[in-house]
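Asker: Sharing a structure with you now.
What follows draws every value from the coordinates through simple rules; no lab data is involved. Small disclaimer: the values here were computed from a predicted structure and weren't measured. Cβ: placed from backbone, ideal geometry, glycine included. Neighbour counts: every protein chain shown.
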Amino acid sequence: MKPLPIAFAALVHQALQDAQADGSLPVFPIPELKIEPPKRPEHGDYASAVALQVQRLAGKPPMQIAEIVRAHLPDAPFLGSAEIAPPGFLNFRLDRAWLAAQVDYILTAGERVFQQEDGAGKRAQVEYVSANPTGPLSVHRIRGGVIGDTIANLLEAVGYTVTREYYYNNAGQQMNVLGASVQARYLEMLGLPNTFPENGYKGQYIRMIAATLAAIYGDSLRDAPVERFRQLASESIFYRLKSSLRRINIVHDVFFREDSLYEDGSVEETIAALRARGLAYERDGALWFKSTALGDEKDRVIVKRSGEPTYRLPDIAYHRNKLERGFDLIVNVFGADHAATAPQVLLGVKALGYDPSCVRTVIHQMVELVEGGEARRMSTRRGDFVELDELIDEVGADAVRYFMLAQSPDTAMSFDLDLARAQGDENPVYRIQSAHVRCAGILRRAAERGLSDQNADLSLLGEAELALLKKMLETPEVINRAIAEMQPQAIAIFALDLAGMFHPIYDRVRVISDQEEIPAPMAAARLRFYKAAKIVFARLLKLMGMSAPEEMERRARAEPLSAESESA
RNA sequence: GUCCCUGUAGCUCAGCGGAUAGAGCGUUGGCCUCCGAAGCCAGAGACGUGGGUUCGAUUCCCGCCAGGGACACCA
């Protein structure tokens, strides 16, 4: 279904054209029309400030322009009335019968309610998480994961076919350090001489992997090369990482290995292409990308003096690969710590002759984990972190999704573990989910009592129900704006607003009551309304990657989180 | 020093150049013989600062102050 602002804008646009054609208004270019729900209900359901926008172009007072536009408005089934208000607003009201009838649209559309098709036939790729398998995920990666996955969901909601992708480096220096760290712990466990690497990974999980290896392989790995440990360790870490991500409904379609770019010659080709264009040169024994030629502040090393490429080179090759795959839209979700490199990579592919204009980069600010009123710095190397699994056990998968989503990517987030714990029963997650649960409860009770919504007369719905319905119909425009601005928190905020409108209605607008007599036709209309509301809440929860429970379960309180850390 | 992000209610945050700036938590006072009180009703409470653009600025631009992040032959 198309967003209503677009439908209203079409009417206003037509009215302006017609007014210009019959000479009521002078001819001027019609600006982009922004039509949105006003804050105050007495200003109508949707409002336009077009008369104020064009007052200079039209050379008339805004009130007069508004009146001219109103007089030229074409008919539309959804248009109830249009009023003008000082200093020149045009306030629209939806047709009440049309609005009530949207309950049936929602029921017919079912779980695809508010599905849009503008992206139909287009393919998008969204890259997120992309952590190297050297240890548990940091909270930053979790945040990026939730943001990226939700963007992917939203893109599907407007018709895109989406590839969810995870890019990782399984061959670099950090992985060797990981292998050596596990090897040392393994040998230590067997009582054999070992050397723990300088800058090795000190987390408890290294010991756990070593212990697992010892349990499976006994001492048969005592003479195995470090590569073997690297491979076993990364497999083990990846296994856990994927299963943790699955718990918060993050499942990638493609895990793209950096080393595949070496195997298929992409990295070499990238170097050759840059050289061929005179954009690579050697200095001080290293190979440089002449990025200043494309406006960068300084040139960047792509192959170190040691002969190893820097991360930049495979990153450029990877983005070239993405662009080669012909996506209509590519979304990269990075943490603020990687913000500076994103433009460099795009310069790289531009240097290769590709047009990166389909690439959108979403930079999210960092997550600060607060516990006991103190900020806790997370470090994989030091072994100080809270594991995703622990976080999920503590606050629940749905709460992890919601909290990580509900703030703008631009905002540095404080994830207060005490607060997440303390909120327990009273946080926004439950507020939204309980709206769905309550609808489910009504449907259940109605079924038990043999109530039906057949032949429901939706004109019996009250203003409060229609107001909620109107709000629900804003979903498509919220989705569009979230995508256009890459601000997926909009959907989380919207869902909470909607729940906030729902609960008072649930309280007063009853289908079943022991205290008041509810006529059968009224009960039928309301029942159908709640059916529709349930569908909408389920859709919103699904878009956010959260569950839509039929009944609320009381969750057992978990023990306080304790980060593992070790001073080795 | 340069670049990026952010300063909105006691706290955590929404807020698309429009009309009287919203929510959750907390707080004050009222509500449970009804579809799950994880709830409902009512109240108190905020745009860092100085300019500019505009009919109109929390929103856009510039300065200042404050906080976070980035400025590698680490990823």
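Asker: Give, in nm to one decimal, the length gained when the segment between A:LYS290 and A:ALA520 is fully stretched (0.36 nm per residue of separation minus the Cα-Cα distance).
Answerer: The A:LYS290-A:ALA520 span can extend by a further 75.1 nm.
Asker: Quick one: angle between helix A:520-543 and the longest Cα principal axis of chain A, in degrees between 0 and 90, rounded to 10, please.
Answerer: For helix A:520-543, the angle is close to 30 degrees.
Asker: Taking the Cα-to-Cβ direction at A:ASP410 and at A:LYS122 and moving 7 Å from each Cα, how far apart do the two end points lie in nm?
Answerer: 2.2
Asker: For A:TYR281, A:TYR160, what's the fewest-to-most ordering of other Cβ within 10 Å of each Cβ? List each step's numbers first, then the result.
Answerer: Details: A:TYR281 13, A:TYR160 24.
Arranged by neighbour count, lowest to highest, A:TYR281, A:TYR160 become A:TYR281, A:TYR160.
Asker: Based on the Cβ-Cβ distance from A:GLU32 to A:LEU107, what FRET efficiency comes out when R0 is 45 Å, to the nearest 0.05?
Answerer: The computed FRET efficiency comes out at 0.85.
Asker: Return the lysines within reach of A:LYS531: Cα separation strictly under 25 angstrom, same-chain partners fewer than 8 residues apart disregarded; answer none if there are no such residues.
Answerer: A:LYS531 reaches A:LYS2, A:LYS470, A:LYS471, A:LYS542.
Asker: Can you return the aspartates and glutamates within cross-link range of A:LYS34? Criterion is Cα-Cα under 15 Å, with same-chain partners fewer than 8 residues away left out.
Answerer: Result set, ordered by chain and number: A:ASP45, A:GLU474, A:GLU477.
Asker: Here is a follow-up. Taking 0.36 nm per intervening residue step and subtracting the Cα-Cα distance, what contour gain separates A:GLN231 from A:MET552 on full extension? Please report the intermediate quantities before stating the final value.
Answerer: On the way: separation 321, 0.36 × 321 = 115.56 nm, distance 4.29 nm.
In short, 111.3 nm is gained.
Asker: Right, here's the next one. Once you keep just the Cα pairs under 8 angstrom separated by 6 or more residues, what percentage relative contact order results for chain A?
Answerer: Here the relative contact order equals 16 percent.
Asker: For the modelled label position 7 Å from the Cα of A:TYR262 along Cα-to-Cβ, which residues of the stretch A:118-161 have backbone nitrogen atoms closer than 17 Å?
Answerer: Under cut-off, by backbone N: A:132-134.
Asker: Calculate for chain A the 222 nm mean residue ellipticity that helices alone would give, adding -39,500 (n - 2.57) per DSSP H run of length 4 or more and normalising by residue count, nearest 500 deg cm²/dmol. List each step's numbers first, then the result.
Answerer: Working: 21 runs with 272 residues, N = 568.
Rounded to the nearest 500, it is -15000 deg cm²/dmol.
Asker: Right, here's the next one. Can you give the FRET efficiency to the nearest 0.05 for A:GLU83 and A:ARG445, using r as the Cβ-Cβ distance and R₀ = 51 Å?
Answerer: Efficiency for this residue pair is about 0.80.
Asker: Return the whole-Å distance between the Cα centroid of the stretch A:273-333 and the Cα centroid of the stretch A:433-449.
Answerer: 57
Asker: Between the stretch A:184-207 and the stretch A:494-528, how far is it from one alpha carbon centroid to the other, in angstrom?
Answerer: Taking the Cα centre of each part, the stretch A:184-207 and the stretch A:494-528 sit 62 Å apart.
Asker: Please give the helix A:312-324 orientation as an angle from the longest Cα principal axis of chain A, in degrees from 0 to 90, rounded to the nearest 10.
Answerer: Between the helix axis and the principal axis of chain A, the angle is about 40 degrees.
Asker: Between helix A:4-21 and chain A, what is the angle of the helix's C-alpha long axis to the longest principal axis, kept within 0 to 90° and rounded to the nearest 10?
Answerer: 60
Asker: Also, quick follow-up: For the pair A:GLU282 and A:GLU42, how long in nm is the line joining their label points, each one 7 Å along Cα→Cβ?
Answerer: Calculated label separation equals 7.9 nm.
Asker: What chymotrypsin sites (Phe, Trp or Tyr not before Pro) does the stretch A:234-274 have in DSSP loop regions with at most 13 other beta carbons within 10 Å? Walk me through the numbers before you get to the answer.
Answerer: On the way: sites: A:PHE238, A:TYR239, A:PHE255, A:PHE256, A:TYR262; in loops: none.
Of the chymotrypsin sites (Phe, Trp or Tyr not before Pro), not one in the loops of the stretch A:234-274 has a Cβ with at most 13 other Cβ atoms within 10 Å.
Asker: Counting only DSSP beta bridges with both residues in chain A, what percent are antiparallel, rounded to the nearest 5?
Answerer: 50
Asker: Further question on the same structure: Give me the distance in nm between label points sitting 7 Å out from Cα along the Cα-to-Cβ direction at A:ARG510 and A:ILE216, one decimal.
Answerer: If labels sit at A:ARG510 and A:ILE216, their model points lie 6.0 nm apart.
Asker: Separate question: Using a cut-off of 19 Å between alpha-carbon atoms, which aspartates and glutamates can reach A:LYS290, once sequence neighbours fewer than 8 places away in the same chain are excluded?
Answerer: Cα-Cα hits under 19 Å: A:GLU268, A:GLU269, A:GLU282, A:ASP299, A:GLU308, A:ASP315, A:ASP355.
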